[in-house]
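For reference, the structure discussed in these notes is given below.
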Amino acid sequence: MLDDLQVPPLRTTSYSDRARQGQALAQLVSAGPVRRRVTRTAFAVGTASVLVATMGARAAYIAFAPVTDHTVVHCYTAQGTAEKDLGTDTNYQSGAPADAIAACTSLWQAGVLQLGKAQAQPQQGPGPLPQDQPVPALVACTLHGEAAVFPGDPLTCQHLGLPVLKK
Amino acid sequence: MTWEPGGSSGHREPVDAELRSLTDAALWARTGEEPTAFAELFQRHADAVYNHCFRKTASWSAAEDLRSVVFLEAWRRRTDVRLHEDSILPWLLAVANNVVRTRARSMRRHRAMLQRLPVSMVSADDPEAEAIDRLHDEAQMRRVQAAIGGLTRAEQDVLALCVWAELDYAAAAVALGVPVGTVKSRLSRARQHLRQAVEEGPPGQSPRASTGGSDA
C-alpha cells in the first residue's frame, strides 16, 4: 500500500547549476561563520542607529529602484511580503515594470493566481489554460533587487516600504 | 528560482577527476582543507536532498532553499557525521529531516549565507509548462501528505527514507540513529496504520497523534 502513494517524479537540477551552487556553498563554509558579538558598546551604538533610522525612515525611503536580477519576478496575491502572501515566482527577461506585470498578469488570467490565496492554484483537469480569469490592478515594486508584483496601486509599494520598480 | 533553456541537465563538464573518484568518506575528510571537496559532495547529493525536502514540504521553491540549508547545517554539525558504507547521503537526509522540522529556525540561522548564494536555475524548454507541472507536483504531494498525516512522525520519517528515497534498512537506521530492527518495525507499523486508515475512511475521521510513538 505504501508503494501506491504516488509521489511526484524526481526532479533534477542541471550539472552547471549544482556546480555553481556547490562552489558558492563551499566558499561560504570555508570562509567560516559570520560571527555576531554583541558588546555593551555595540548594543548602545545599535540602539542609537535604530532610533536614527526610525526617525529618518521617511527621508531615507527610496521611491524608485531598478532590479539587479532581471530574470525572476515574484507574483504576490496579497499586499504583504510574507511567504503566505506569495503566489508564485516566474521568469521574465527585460527588467521593465510592464514586463514584470505582464508576466504575473498571464498567471492571473489563467487562474493560477487568486487574490489572497497563498499557494498558486494548479490547473484542474486537462485542456488549455483559461485566459479570462479576473486580474486585479497590479503594481511592480523592487524587493531585494528583484521584481515583485503586488495587487494594488503605486502607493502599495510605499506602504510596504519598497521602491517602485523602474527600469 | 529562474529558468534557463533546456538540454543541459545531463551534461558533466570537466572537473577534478581525482575528486570524482573519491568516496564520500574521503571527500568529507578533505573538506576542511579543500573547499572543492565540499562542492563535489554537493554535486553528488544535491538532487537527492532537493527531492527529499520537496516530499517533506510539498514546495519546490522551499526545497531549493532547504537544500542549501541542509548542506550548511551539515557543515555546522560536521563533527556529528555518520557514514553508511562510505556514503554520506543517509546522514544528509537525516539532517534534512531535522532542518525541515525546525524550518523557521534553520532558515533564520543561515539567512545571511543564503542571500549570498547564486539564484538557482531550472532547465526548461517551456518555462510556462514547467511552472504548471511544478504546481501539479505540489498539489499531488499535498494530497500524499494528507494521506500519511495520521502516521507518527517516526513512521513518516521511515516512509520517506525507505520508500521514497529508497534507502535500505541499514542506511535508514544510520540516518535515524536507531537499530535496523526499529526501522523494520516502524515501516511495518506505517503500513498497518495506512491500511487501517483506508478501512476506516477519509483522514480526520479517526485521528491519531502525529508525533511520538513507541519504538521496537
- If you rank B:ASP133, A:ASP89 by fewest surrounding Cβ atoms within 10 Å, what's the result? B:ASP133, A:ASP89
- Note on the structure: The FRET efficiency for B:ARG82 and A:SER94, from their Cβ-Cβ distance with R0 = 56 Å and rounded to 0.05, is 0.70
- Item | Modelled FRET efficiency - R0 45 Å, B:ARG105 with A:ASP132, Cβ distances, 0.05 increments | 0.55
- Item | Amide H contacts under 5 Å for A:LEU143, placed H, 5+ residues apart | A:ALA148
- For B:LEU83, enumerate residues with amide H under 5 Å from its amide H, sequence gap 5+ or separate chain, H modeled in the peptide plane. none
- Peptides ranked, highest mean first, by Cβ atoms within 10 Å: ranges B:154-166, B:22-34: B:154-166, B:22-34
- Using θ = phi - 60° and Karplus 6.51 cos²θ - 1.76 cosθ + 1.60, couplings along segment A:148-156 (whole Hz; Gly, Pro as x): 9, 10, 10, x, x, 9, x, 5, 4
- Each residue of segment B:87-102 in turn: what ³J(HN,Hα) in whole Hz from Karplus with 6.51, -1.76, 1.60 and θ = phi - 60°, glycine and Pro shown as x? 9, 9, 4, x, 5, 4, 5, 5, 4, 4, 4, 5, 5, 5, 5, 10
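No value in this document is a laboratory result; all are computed from the given coordinates. Being a predicted model, the structure only gives us computed values, none of them experimental. All Cβ positions, even for glycine, are placed from backbone atoms using ideal geometry, and neighbour counts span all protein chains on display.
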